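Okay, structure first, notes after.
Since every read-out is calculated from the coordinates, none of them should be taken as a lab result. All values derive from a computational prediction rather than experimental measurement. When we count neighbours, we look across all protein chains shown, and the Cβ atoms used for this are built from the backbone with ideal geometry, even at glycine.
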């Protein structure tokens with residue numbers, strides 16, 4: 001599973017990345033995950049299955065959905081509380097559920 | 001709550017559209033394109049600015065001073081050159097066009113409008129030179145305007161497909177290099193004609209005209225403390241609705257404030273008095289992380305509920321580096337009426353406090369060095385040319401902690417009751 005997180009500058013999401021990585025490792029799953037700034041995302045679209053937005057740029061959801069859902073990328077905003085508490089397990093679950101959706 | 005969701009949805013959309021506009025994104029791209037040069041220049045400025053006599057003597061005797069001067073001269077003092085190319089590049093890139101030709105045409109056009117002088121040498125040849133004045137901070141607005149015009153016209157022509165048609169047998173690599181010629185020709189002739197016209201006006205150059213008509217008044221308004229307080233206030237209101245407000249607002253203000261900082265930096269390096277109190281550096285130093293670090297410190301020191309104990313441990317280190325999203329969403333501060341007052345007004349107060357400290361002469365003015373993201377608080381202040389700014393940030397952190405305390409105490413009490421209930 002390839003996950004890309006985006007936020008304004010890719011700073012706070014990079015903390016989230018570590019938490020999700022740790023959660024995945026604990027469950028014995030290997031995932032590829034990175035955090036980039038929203039403006040840089042187009043360079044990483046090729047290697048992304050799930051695109052998760054930091055809630056602070058939730059306003060970009062409909063635009064990014066419009067751009068990337070046709071390319072088969074699942075797009076969603078990270079749950080606000082999970083983001084705040086940096087709950088890697090929950091966000092990983094969110095990514096899995098997205099991918100499982102038809 | 002339903003009305004709120006609809007309302008925030010609308011606000012989100014509006015500000016999302018603003019910060020996603022091609023123009024603003026190109027501006028940001030232009031500023032970021034200059035970073036490899038300006039950050040090096042900033043570090044050189046910091047090293048050069050260390051007021052230790054033995055060190056300064058060593059700089060001169062070892063030739064290090066010359067190295068530092070070169071690094072500063074061709075970064076800080078010619079930032080507009082990099083910005084103009086970066087803006088046109090960013091514009092063309094967003095329009096999914098081949099962006100390098102746009103950058104080159106922008107640079108070409110920018111040089112065309114820059115006044116040059118011809119001086120005869122003793123050998124009978126002529127020495128041409130351009131004054132560097134407009135290649136730095138003073139040329140920032142010309143860079144923005146030229147960059148945007150070039151980006152727009154270039155992308156427009158490419159989209160329309162106006163190009164020299166070559167036979168199909170010509171390899172694509174050759175024909176693609178021809179594709180930039182039409183926009184290059186149109187734009188450079190346009191700027192050359194315009195430049196010639198302006199040389200006959202009292203402004204003498206496009207640069208001077210833009211500087212006098214646009215840049216000076218805009219910088220005057222933007223380097224006014226009240227404007228900055230209003231801008232910070234708006235940014236925090238947006239955060240209240242869960243939108244990264246400063247990012248939205250900075251996409252408009254950053255280019256202007258950076259031009260203001262460049263003025264200070266140029267004066268700083270020349271050993272002249274600094275013209276401005278506020279600017280991008282001032283904004284960053286005085287409002288880093290939107291004061292939420294104070295809240296994190298409250299959590300570490302005073303939290304009784306396990307919820308805030310956890311959040312405190314989680315958010316303190318990022319908070320020191322100015323990353324406070326965990327606090328904003330975890331506390332939460334978003335849509336939380338009870339934290340509205342400190343979350344919105346504390347950053348405004350911090351900026352006012354810092355302003356008064358400098359305006360009263362208690363602290364010197366900031367050099368305007370561009371600090372890359374992720375430099376920890378206090379160190380961030382020190383690199384502005386004086387350890388006093390580190391002290392300022394330390395004082396601010398103490399004020400933040402004290403101001404957050406009563407609000408935090410209440411939330412913590414409630415969280416504890418919920419947990420034990």
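Assorted remarks:
- Principal axis dimensions, segment A:2-100 - Cα atoms, whole angstrom, descending: 33, 24, 20
- Burial order of peptide ranges B:191-197, B:163-169 (average beta-carbon count within 10 Å, highest first): B:191-197, B:163-169
- Most mobile listed residue (B:94, B:384, B:263) in chain B, GNM with C-alpha springs under 10 Å: B:94
- Shape call, the protein assembly as shown: gyration tensor on alpha carbons, a/c limit 1.5: oblate
- Modelled FRET efficiency - R0 45 Å, residue B:409 with residue B:64, Cβ distances, 0.05 increments: 0.30
- With contributions of -39500 (n - 2.57) from each DSSP H run of at least four residues, the per-residue ellipticity at 222 nm computed over chain B stands at -22500 deg cm²/dmol.
- Overall form of segment B:238-416 per C-alpha gyration tensor (a/c, 1.5; a/b vs b/c): prolate
- Alpha carbon centroid spacing (whole Å) that separates segment B:263-325 from segment B:164-216: 43 Å
- Take each residue of peptide B:325-335, count the partner chain Cβ atoms within 10 Å of its Cβ, and average: the result is 6.
- Span from the segment B:125-155 Cα centroid across to the segment B:378-414 one, whole angstrom: 41 Å
- The mean count of C-beta atoms from other chains within 10 Å of the C-beta of residues in B:309-316, rounded to a whole number, is 2.
- Gain on full stretching of the segment that runs from residue B:104 to residue B:190 - 0.36 nm per residue minus C-alpha separation: 29.4 nm
- Gyration tensor verdict on segment B:52-137 (Cα atoms; rounded if a/c is under 1.5, prolate if a/b is larger than b/c, oblate otherwise): oblate
- At full extension, residue B:125 and residue B:14 could sit 34.1 nm farther apart than now, given 0.36 nm per residue minus the alpha carbon distance.
- The mean number of Cβ atoms from other chains found within 10 Å of a Cβ in peptide A:74-84 is 3, as a whole number.
- Fewest neighbouring Cβ atoms within 10 Å first, the residues A:76, B:57, A:82, B:98 line up as B:57, B:98, A:76, A:82.
- Rounded to the nearest 5, the antiparallel percentage of DSSP beta bridges internal to the protein assembly as shown is 25%.
- Estimated Rh, chain B: Kirkwood, alpha-carbon pairs, angstrom: 23.9 Å
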